[in-house]
Amino acid sequence: MQNLIDEKALKKWQDKFCNATNVYAYCIDSGGHPITEMSGKDTETEQIKQVISKEMFLNIFKRVTEGGLEEQAVETTAVPNLRLAAISIMLDGKVVAVWIVCGILTDSDESGYEYEPFHGFEYAVTEKEFYYALDLLRDTTYSLLKVRFSMLDAEAESRRSRYSENEMSALQKRNEAITDVVQLLESDNSIEAIMTDVLRILGTYLDISTAVLCRVHEDGALMDIAAEWCNKGIISNFDKTKDLPCGEILKTDKVLVLSSGTICNEEERGKMQMFGTKALIVIPIAISGTISLYACFGENIKERQWRVEDVKFLNDATKILQSVITKRAHKNTLDSSYASLEMILDNVGSSVYVRDMQTGEVLFANRSMRNNFSKEIKNNTLDSLFEKDLIKGNRRGKQEVYHEERERWYDLYYTHITWVDGRPVTLFAIYDITEKRVYKQKIEQQAYTDFLTGLYNRLCCEKDLARHIDEAKKSGSKGALLYLDLDDFKHINDGLGHQYGDVLLKAISHSLQRVEEIENSCYRVGGDEFIIIIPPKSRGKFDQIISDIKQIFSKPWFLKDADYYCTMSMGVVDFPEEGESVHKLIKKADIAMYEAKKLGKNRVAMYSDNIDSASNRRLDMEKNMRDAAVSGYKEFEVYFQPIMDIQLPGTPCTGAEALIRWNSEELGFITPAEFIPLAEYLGLINPIGNHVLRKSCFYCKQWNDNGHPNYKVNVNLSVVQLLQTDIVEIVAQTLKDTGLNPRNLTLEVTESLAINDMERMKSILAKIKKLGVRIALDDFGTGYSSLNHIREIPFDVIKVDQSFVKDLAGDAYSQSFIRMVAELADAIDVSICVEGIETKEQYKVLEGMKVRLVQGYYFDKPISKEEFEKKYVNAGK
């Protein structure tokens, strides 16, 4: 959390929150270390700290951070009216911060306690208000962090790169519409007039036929028209505004989106007919926790396909409308009004700040403003940056502002309004328009610049590295060289097309340039290879730089209307201690990078002499692998691990999974973990995989002809194999050449295959299934697990990953997971196979579950073809 939010800004927000909700609170990180001090008077917070022992603190801290069962805990203390609470804030399943909150209750039982109750404290609440404050603190903190965490520069750059001038104009109009809606927050008009104005602004922007705000009666049977707007030439669909039949249309708690041509059920058709529309959006609005209003937006005349941007725009606008209505309901409570306004302005798509027109004090800056202009706020230079050229006397206006230090352009909108406490203020809304300003300008490519990404190129890298090496030698310091290679970039480049590969490269490049301390030391040195120099002056922030780079690749990239994952492997070498030669340092970083790939990709490896030795073995392996390829891949042997049917008497073998082993004449046996990354690197994984497929089918056909007609063989297909343009023909030809019954071949694919380009995977696997071949989903429960994969692709078998079996005998979660998957498989008529059964205890746990197929060392390890046939094919003959 310390990396996500400025501590001073957090403390300032915390003080405001505590003052508004009358509680005492402070924030700590996931390790229990304080991020902020407790808000409140020093004398009162000291009294509270004296009562809360270290043991009590550790106990409640562990409750919300260990086990994952509790996110919020409340405990009593030795003081009768003092409550201690802890709230864990989680992102991506990990605790990133914990709030410690204390409340002085005004309605507690004060008898039978060790201490006298606290009285006369500045902050005091009822028990109900205390729990409300906890919920509000958890929700607002989570929203704040989630928004902050998801603001990835790469996605923004990728999205901006697709903007045309028309789209930029549409964005500006959308921003202006939101600004107009926000200004209604301080309108003195009646609430009915404000609601009508909001509908008019939204309907005019979207150019739709009608917008209606419906108020549902408490019984849910009738409704009133609270406000309505119709476009020019459109007649209202309602003949009265009171006691209209409600039907089922306004009983949803979710946003309803119906576009023209959408296949509708009878209920949805009724909704369309009720409003006389061809396209309809219905958004529920909750007031004080209860949904009583519905904003309905319809198109009556022409066909309309709602865009995601339309729905998001209406969602944002109705949130503002919701706050307007709520503010009117609580207009006598200044704190409530301010909190609502702050929440609204924190969620608009611009940076906003408010200045008192009489004193010049900045009264408010929203989250975006604090994040993007923290330095200007701290130095009190906002006026010199944005306000120096304002025309005096104008109540509202717009101008362009250039930020020379950042080299960025902004649109500034300003207007005079009345603040929540009645003071006259100026509201400023700031939008970054840099991309619009430079849209028609193409920067002349310099000799040291990579044309595609705008990064520096290899020539510049070598020049700069030599300079940094000299600098480090003279100062006695050290720097670092990072060599990055994108993992499986070829799959995206070939699968989506080179134009989308280029978009991804540019997005990654822009993201790297935004990492502090390396903004001017990023280089593209190959198709999907990058070098980053950490100068000696920045070596002290090495860990933070590495963390920031990893963060770039932890989220998907938006390409071709879908999310795609692309990770990286990184090699690191220090200079000058590991060398003073530019070319040797780059070579050593490249060696370390390959080590990272060999260890499983998506990781960082530091260079060492051991890795250098391993690199010599890599060269030997490369030579021998190429020789093995020339000789027909005979050195690559197929081992088989039996798959047992535990539902049949005697637990018979029903087939086997084929596993590749390399028995090199020169190097001996080499593990798959060691040679498969090299095979992928050399482009030999496809012919090796095809060799395994052909051998496995040939052997299985022999087993079928020798007394085991139902034996099946499972063969793993990698991403690279599936992306072969002729993979379906390869499978079909293999079946034809070997004579194997297609139903006795099961191809195993990992669930991560479906993450990138689901449509292509569906098409390929569907064609394979048409051959009669069975498809198995391997390693289910790991990586990017999603039940959607089972729905999208008709698998025949689900294989539960062995990570869920490791602690199966004593782990209730693992048992529940396997039982759930087994029942799911049974319900959709899919077989389930559990991998990794190694002990009798694990095997016994499966009894009573709907599990039929099992494999693991408890039954047998992967064995050679000869040994498998001796045990499971020819046994008893």
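The values are calculated or read from the model by the stated rules, or taken from the named source; none is laboratory data. These numbers were taken from a predicted model, which means no experiment stands behind them. Quick reminder, even Gly has a Cβ in these numbers, built from the backbone with ideal geometry, and neighbours come from all protein chains shown. SASA here: full protein model, heavy atoms, side chains in, ligands and nucleic acids out. Shrake-Rupley method; radii C 1.70, N 1.55, O 1.52, S 1.80 Å.
For the pair L771 and K240, how long in nm is the line joining their label points, each one 7 Å along Cα→Cβ?
7.0
With angles folded into 0 to 90 degrees, how steeply does helix 685-705 sit against the dominant principal axis of the chain? Use alpha carbons for both and round to 10.
Helix 685-705 and the main axis of the chain meet at about 60 degrees.
Could you do me a favour and compute the accessible area per residue for the chain, 1.4 Å probe, result in Å²?
Accessible area per residue, the chain: 49 Å².
What figure, in Å² to the nearest 10, do you get for the accessible area of C230 with a 1.4 Å probe and non-protein molecules left out?
Approximately 40 Å² of C230 is accessible to the 1.4 Å probe.
Take the Cα of D826, step 7 Å along the line toward its Cβ, and report every residue of region 797-812 whose backbone nitrogen sits under 15 Å from that point.
Correct set: none at all.
Please give the length that would be gained between E309 and T126 if that part of the chain were fully extended, namely 0.36 nm times their separation in residues minus their C-alpha to C-alpha distance (nm, one decimal).
Taking 0.36 nm per residue and subtracting the Cα distance, the gain is 61.6 nm.
Using a 1.4 Å probe on the protein heavy atoms, what percent of the accessible area of the chain belongs to carbon and sulfur?
Details: 20460 of 42660 Å².
Ligands and nucleic acids excluded, carbon and sulfur reach 48 percent.
Near N624, within a Cβ-to-Cβ distance under 10 Å, what is the net charge of the other residues, with Lys and Arg +1 and Asp and Glu -1? All intermediate terms of the calculation are to be shown ahead of the outcome.
Working: positive: K623, R626; negative: D620, E622, D627, E635, E665, E666.
So the environment of N624 carries a net charge of -4.
For the chain, what does the helix formula give at 222 nm: sum of -39500 (n - 2.57) over DSSP H segments with n ≥ 4, over the residue count, nearest 500 deg cm²/dmol?
-12500 deg cm²/dmol
What share of the DSSP beta bridges in the chain is antiparallel, in percent to the nearest 5?
Of all bridge pairs located within the chain, approximately 80 percent are antiparallel.
Report the local net charge at I646: Lys and Arg +1, Asp and Glu -1, summed over other residues whose C-beta lies under 9 Å from its C-beta.
-1
Could you tell me what fraction of 2.2 N^0.38 Å the Cα radius of gyration of the chain comes to, as a two-decimal ratio?
1.12
Compute the helix-to-body angle for 127-150: its Cα long axis versus the longest principal axis of the chain, expressed 0 to 90° and rounded to tens.
Between helix and principal axis, roughly 60 degrees.
Suppose the chain between T140 and D561 were pulled fully straight at 0.36 nm per residue; how much longer would it get relative to their current alpha carbon spacing? Working shown, then result.
Details: separation 421, 0.36 × 421 = 151.56 nm, distance 3.00 nm.
Fully extending the segment from T140 to D561 adds 148.6 nm.
Where in region 24-42 does the label zone of E66 land, with the point 7 angstrom along Cα→C-beta and an amide N cut-off under 18 Å?
Hits in region 24-42 for E66 at 18 Å: 29-33.
Can you figure out the FRET efficiency of S260 with R200, using R₀ = 25 Å and their beta-carbon distance, to the nearest 0.05?
0.60
T381 to D6: extension gain in nm, 0.36 nm per residue of separation minus the Cα-Cα distance?
133.1 nm
5 Å is the cut-off here: which amide hydrogens, built 1.01 Å from N in the peptide plane, fall below it relative to L723, excluding neighbours closer than 5 in sequence?
Those qualifying (amide H under 5 Å, at least 5 residues apart or on another chain) number zero.
Which FRET efficiency value, to the nearest 0.05, is calculated for K806 and Q551 with the Förster distance at 22 angstrom and r the Cβ-Cβ distance?
0.15
What spacing in nm lies between the two simple spin-label points modelled at D421 and D15, each 7 Å away from Cα in the Cβ direction?
Taking the two extended label points, one gets 1.4 nm.
Considering Cα pairs under 8 angstrom that are at least six residues apart, work out the relative contact order of the chain and quote it in whole percent. The partial results should precede the final answer.
Working: 1385 pairs, mean separation 50.8, N = 877.
Relative contact order comes out at 6 percent.
Lysines within cross-link reach of K474: Cα-Cα under 19 Å, excluding same-chain residues under 8 positions apart?
Hits, sequence-local ones excluded: K463, K537.
Label I287 and D389 with points 7 Å out from Cα along Cα→Cβ: what is the distance between them in nm?
The answer from the label model is 4.5 nm.
What net charge do the residues around I430 carry, taking every other residue with its C-beta under 12 Å from that of I430, with Lys and Arg at +1 and Asp and Glu at -1?
-3
To test your reading of the geometry: what angle, between 0 and 90 degrees and rounded to tens, separates the Cα axis of helix 308-329 from the longest principal axis of the chain?
Relative to the chain, helix 308-329 is tipped by roughly 40 degrees.
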